[in-house]
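Scroll down for the structure; my scribbles are underneath it.
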Amino acid sequence: MHILTGGDLYSSITAQNQERARSGGSTNTQQDLPNQVQKSECRPYNWWLKVAVYSFYVLSSQTAATLLGRQYYDKGGSSKWLATLVQLCGFPILIPYYFLFSSSTLSKQAHPNYAPALVALDGTESQPPLGPSLWTLACVYIFLGIIVAADCYLYSVGLQYLPVSTYSLICASQLAFNAVFSFFLNSQKFTPFILNSLVLLTISSVLLVFQTGSEKPAGVSKLQNAIGFICTLGASAGYALTLSLTQLFFKKVRAFKLH
């Protein structure tokens, strides 16, 4: 396998620009070449680093939350509303990071449509296109917030009536719901990686069916166990729907801003 060095990449970009110049296409200036080399070399590593960090936070936090929630019920806790509130009350910690990273992103990735004024062909100035109204954004946030709150309550019910192993395995069905909702709402195609994950998930579900020796939490009847199963499955489907709707809504908002 041949690995491109910085000089090879620079020569390759220069050759492409010369070929475009001979064919009458647009060329990049010498000033843009170092930027292209830097983006080609640094961006993939930065992207993978962010994915690794975010994946670690999601997996570790989800595991800790499940164990602490089960510990709460085992030690005598019985309030589903308190267990639901705990899942949502930590958001103020993220507010400083939101303002920090949003300000830096806007300063580095400013779009031409965000200029103070646009000059038309006739010389007149016009204001840049405005984003969605505050009422529209409020409705989007409230709608998504209600779905997330309902999902957290269903998760609390499921964790109260199911053992941790069964609960975690049912929660993994969110992957299948993600694939379905992303296909219909976000035009996400079924890749071999997604199909492979769905096969592994199906095998795990089959093993769950034949697992008869799983210990139920103390004082939980068969009816409550069934309710926990349904609530956990519904919460997994609801959260998968929330992710797809969030991507869809913000894609529409971004397109509205740019146009």
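Overview of results
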quantity: From phi via Karplus (6.51, -1.76, 1.60), per-residue ³J(HN,Hα) for segment 235-244 in Hz, x at Gly/Pro; calculated: 5, 5, 5, x, 6, 4, 5, 4, 4, 5
quantity: Whole-Hz ³J(HN,Hα) from phi, Karplus 6.51 cos²θ - 1.76 cosθ + 1.60, for segment 144-151, glycine and proline x; calculated: 5, x, 5, 5, 5, 5, 5, 4
quantity: Accessible area (Å², per residue) of segment 140-180, counting only protein heavy atoms and a probe of 1.4 Å; calculated: 39 Å²
quantity: Förster-model FRET efficiency, 30 Å R0, residue 91 and residue 187, C-beta, rounded to 0.05; calculated: 0.50
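The values are calculated or read from the model by the stated rules, or taken from the named source; none is laboratory data. Note that the coordinates shown come from a computational prediction; the quantities given were computed from them, not determined experimentally. All Cβ positions, glycine included, derive from the backbone under ideal geometry; neighbour counts span all protein chains shown. Surface accessibility is based on the protein's heavy atoms, side chains included, excluding ligands, DNA and RNA. Shrake-Rupley method; radii C 1.70, N 1.55, O 1.52, S 1.80 Å.
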